[in-house]
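K.L.:
Encoded as structure tokens, here's the structure I'll be asking about.
The values are calculated or read from the model by the stated rules, or taken from the named source; none is laboratory data. Bear in mind that the values here come from a model prediction, so they are computed numbers and not experimental data. Quick reminder, even Gly has a Cβ in these numbers, built from the backbone with ideal geometry, and neighbours come from all protein chains shown. Surface accessibility is based on the protein's heavy atoms, side chains included, excluding ligands, DNA and RNA. Shrake-Rupley method; radii C 1.70, N 1.55, O 1.52, S 1.80 Å.
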Amino acid sequence: MSTTFNRKHLLGIRDLSAEEITYLLDTAETFRDVSRREIKKVPALRGRTVINLFFEASTRTRTSFEIAAKRLSADAVNISVSTSSVSKGETLLDTARNLEAMAPDCIVVRHSMAGAPHHLARMCNAPIVNAGDGSHEHPTQALLDGLTIREYKGRIDGLNIAIIGDILHSRVARSNIHLLTKLGATVRVAGPGTLVPAEFAELVEHGLRVEQRIEDAIEGADVVMILRIQRERQNAAFFPSMREYSVHYGLHPSHLERASRDVIVMHPGPINRGIEISSEIADGSRSLILDQVTNGIAVRMAVLYLLARGNHSAHEEASVKPAGPAGPVGNAKRVRKGIRA
Amino acid sequence: MDFVEKARIMDGPRINRALARLASEIVEENHGAGDLYLVGIRRRGVPLAERMADKIADLEGARPPVGILDITLYRDDLSTVGAEPIVNRTELPGDIESRNIVLIDDVLYTGRTIRAALDQLIDYGRPRRVQLAVLVDRGKEHRELPIQADYIGKLVPTKKSEIIKVMLQDFDEEEGVAIVERPSAETG
């Protein structure tokens, strides 16, 4: 209970300690109560401004961050790529610096390039929240999944968790693998060989296994997480057809007979019904898909509350690491920072 | 940081007698325990509210409901608080609508905690009446808002440099109330 969360940014799960993750989840649990009240608003961030800067299409995550900010009494401003001057040729960094000149207390960024939020965190003064960067990380999704598992299972430590689908392109899978293994779960991933490379086993030190067949991943699982087939990232032919994917890797009721008796099924949404998950499961009693959405608001309230208050310690800035698998984005010099500091 | 204890103003039995008197004042003022609803402010207001409810049950034969307020999200000094305590849950079981609420805290000082508690309470409903009971009132001259207690365990005029330390066995090793002061090197 004595640990706190003193970071300036939330860029990924990989760099967080198990204690920091637990602190975030504990804080989120309290915020869940606010959304259950008749007056779903607390004055904690009154007068603060949160900018949602989305370079990728998103309804759920953007709305979730917006509602979270508003329930904390912050002013939320949404900027999406189609309406921004990015279409006029402005760079990511120039866009962020212009926004920063308007004195926001937090900038929430989604970008198709891995490492984009890390880049902004190095170059800007405002706290940055990564709302998904390419195939790299999506920390608030992993936190809301962790909160949902804790709500229904009472713990994460010692659980067997299967993650099924397009692991290669999934930032949700990466963030979840980090979070769940740090908190003591065993994670098994499975999907088409082209989308689940064997090297994935090296992503974390222990607690992760790569399976060839989804039946092997689901065997005895307490939690089954299904990933969305990301049509927008399928530039090459990773599998022959959607139909074939559905037959071999879609989750059907018969699969769950292998799982633990009280297995729960999760999906980050939006779901492709009949492709990666059958409607029978998606709408069934084991499905927590809508609970995940509800918990998303609590998690984002906790993150915005802890970051946008403005009393985080500054030393953490120096420890921002370059992006993971996809490498750093851009190589701009740190000139402006020096002047501003 | 070590504090120097200047005076011990209440011990365990004295706290107990003060709570018994407050309980009896509360039921007298509210004509019984019928519409009463006690709300303890975290942290030390909570065990005080529970003890008060027990004493009211002894007097009236009925125990009023007890709720818990955590005022962290309603504070007005968010960016100046140093260490960040975990935000704890607020629990107000049942309905506070049309009840006679008695807010209970250990010490009344500037009044800002009570302001935050009132704001939060009203987000949960519209009580008929809200009253305030405190174990220790540090005196009106410290008040920064127009807030006074309806029931006071002990009035203790203090200097700003002094701190009232309330110890309850729920959180501390002993029971008692002491006036403590920072070592003088700390001041200024």
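K.L.:
So, residue A:25, is that one touching a Leu at 6+ places or on another chain (Cβ under 6 Å) and either part of a loop (DSSP other than H, G, I, E, B) or more than 8 Å from chain B (Cβ to nearest Cβ) (or both) or not?
P.N.:
Answer is yes for this residue.
K.L.:
Collect the residues in segment B:76-95 that are more than 8 Å from chain A (Cβ to nearest Cβ) and modelled with pLDDT of 80 or more, keeping them in residue-number order.
P.N.:
Within segment B:76-95, B:91, B:92, B:93, B:94, B:95 qualify.
K.L.:
What number of residues within segment B:15-37 are within 16 Å of residue B:107 (Cα to Cα) and open to solvent by less than 50 Å² (accessible area, probe 1.4 Å)?
P.N.:
The total comes to 4.
K.L.:
Got a number for residues in segment A:28-37 being in a loop (DSSP other than H, G, I, E, B) and either at the interface with another protein chain (Cβ under 8 Å from one of its Cβ atoms) or out of contact with any helix residue (DSSP H, G or I) (no Cβ under 9 Å at 6 or more places or on another chain) (or both)?
P.N.:
2
K.L.:
For segment A:252-312, please list each of the helices (runs of 4 or more DSSP H) lying entirely inside it that holds at least 3 residues being closer than 28 Å to residue A:239 by Cα.
P.N.:
A:253-256, A:279-282
K.L.:
Which residues, counting only those in segment A:62-76, are among the hydroxyl-bearing types (Ser, Thr, Tyr) and either more than 14 Å from chain B (Cβ to nearest Cβ) or under 20 Å from the mean Cα position of the chain (by Cα) (or both)?
P.N.:
A:63, A:64
K.L.:
Let me ask another. Condition (residue is open to solvent by 10 Å² or more (accessible area, probe 1.4 Å), at pLDDT 95 or above and on the phi > 0 side of the Ramachandran plot) applied to segment A:162-179: is it met by at least one residue?
P.N.:
no
K.L.:
Which of the residues belonging to segment B:43-58 are open to solvent by 10 Å² or more (accessible area, probe 1.4 Å), closer than 17 Å to residue B:131 by Cα and not acidic (Asp, Glu)?
P.N.:
B:46, the sole residue that qualifies.
K.L.:
What number of residues within segment B:112-144 are within 22 Å of residue B:158 (Cβ to Cβ), more than 12 Å from chain A (Cβ to nearest Cβ) and aliphatic (A, V, I, L, M)?
P.N.:
Number satisfying all stated conditions: 7.
K.L.:
Among the candidates A:100, A:137, A:90, A:151, single out the residue that is in contact (Cβ under 8 Å) with a residue 40 or more places away in the chain and surrounded by fewer than 19 Cβ atoms within 10 Å (Cβ to Cβ).
P.N.:
A:151
K.L.:
If a residue has to be open to solvent by 20 Å² or more (accessible area, probe 1.4 Å) and more than 8 Å from every other protein chain (Cβ to nearest Cβ) to count, how many in segment A:39-61 make the cut?
P.N.:
11
K.L.:
Is at least one residue of segment A:229-244 among the hydroxyl-bearing types (Ser, Thr, Tyr) and more than 22 Å from residue A:16 (Cα to Cα)?
P.N.:
Within segment A:229-244 (the criterion being among the hydroxyl-bearing types (Ser, Thr, Tyr) and more than 22 Å from residue A:16 (Cα to Cα)), the answer is yes, since at least one residue qualifies.
K.L.:
Here's another thing I want to ask about it. Filter segment A:237-296 down to the residues that are of a type in the set (Val, Ile, Thr), without any contact (Cβ under 8 Å) to a residue 40 or more places away in the chain and closer than 21 Å to residue A:149 by Cβ and list them by number.
P.N.:
A:281, A:289
K.L.:
Among the numbered criteria (1) open to solvent by less than 70 Å² (accessible area, probe 1.4 Å); (2) more than 16 Å from the chain's Cα centre (by Cα), which one does residue B:76 miss?
P.N.:
So residue B:76 meets the others, but not (1).
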